[in-house]
Amino acid sequence: MKHVVETQQFDQESLETLFTLADRLQESPEPTALSGKTMASLFYEPSTRTRLSFESAMVKLGGAVIGTENAGEFSSAAKGETLEDTIRVINGYADVIVIRHPEVGSAAKAALASEVPVVNAGDGIGQHPTQALLDLYTVRKEFGEVSGKHVAFVGDLKNGRTVRSFVYMLSKYPGVKITFVAPSELGMASDIKDHLTEKGISFSETEDMESVLKDADVIYQTRIQKERFPSKDEYLKFKGRYVITREVADRMKEEAIIMHPLPRVDEIEPEVDASPHARYFEQARNGLYVRMALLYTLLH
Ligand code: CP
């Protein structure tokens, strides 16, 4: 594995190896494993979890971090430098580059220009493979296995790169059942549905969140992505369409969990945080261990 650009790169065996390493690094920290190595974080879009968990992961393994948030404004992209030139230059300063960029395909473009590993931390509405890794790790940790689980994705599935990447991951496991819960205008794109059909994975689509509450093992709630809509009026048509309240959460089956890539706006009410079903903060924490394992793997 040289670069991490999309979830299709992984298979069950490489995922298990990565997750076993994540478990190990959580239990037995290795504070000098990446000493002498430097990670560049290059974020052209806002981030809290992805950037800070990658940076924390690098520091906890003894490595160093350089970087820029708001790279579109604070890097030389603002002067018209191409992404490829930026990457070639950072190759001289860093051993791994973590990039978030608004354009679909930007991470693949960066990888082509790079001698050092490039990690896609989100390319527009394309993919967010390391989020999918931590999502899958969370399901595996909670249930002990992924096969056979029913995952219901709820919300803005058209613009959500995390759901696209996670569906690719889930499709590697037999017996997984997927339900897409979204307004028809924000439904899952056909390339993902075609992929599921090709892999023989059972999936269905509905606009009704109620219909999955009693059966889903995982409700994967997502934010309506305001920044991807052409106007505020278009966004307001969908804002608040699917909200998990405590009363809704209490009607889920006993062992089911609620996940969310975060940040949330209004789609999970704060009172749900104390519900036995809530796992979104544990999910975000798992990102640290998975990203430690990923950096360790890429740099050894
Ligand atoms: N889940 C996720 O990508 O969060 P950030 O945008 O805060 O990185």
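Points to keep in mind about this one:
- Here's how it looks for Val65: its modeled amide H is under 5 Å from those of Met39, which are all 5 or more places away or on a different chain.
- Using the Karplus relation 6.51 cos²θ - 1.76 cosθ + 1.60 with θ = phi - 60°, the per-residue 3J(HN,Hα) values for region 282-296 come to 4, 4, 4, 5, 4, x, 4, 5, 5, 6, 4, 5, 5, 4, 4 Hz, with x marking Gly and Pro.
- When the alpha carbon gyration tensor of region 1-138 is reduced to an equivalent ellipsoid, the three semi-axes, largest first, read 24, 18, 13 Å.
- Candidate lysines for bridging to Lys79, where Cα separation is under 17 Å - those fewer than 8 sequence places away on the same chain excluded: none
- Candidate lysines for bridging to Lys149, where Cα separation is under 21 Å - those fewer than 8 sequence places away on the same chain excluded: Lys141, Lys172, Lys177, Lys193, Lys199, Lys214, Lys253
- Pairwise centroid distance, computed over Cα atoms, of region 201-243 with region 1-74, Å: 29 Å
- All-pairs alpha carbon distance profile, the chain, 20 Å steps from 0, percent: 34, 58, 8
- Straight-distance crosslink candidates among lysines, where the alpha carbon sits under 19 Å from Lys37 and sequence neighbours closer than 8 are dropped: Lys2, Lys60
- Rounded to the nearest Hz, the phi-derived 3J(HN,Hα) couplings of region 38-44 under the Karplus curve 6.51 cos²θ - 1.76 cosθ + 1.60 (θ = phi - 60°) are 10, 10, 9, 10, 10, 10, 8, where x marks glycine and proline.
Only the coordinates and a few stated rules stand behind these numbers; no lab work does. The model shown is predicted, which means the values in this text are computed figures rather than measured ones.
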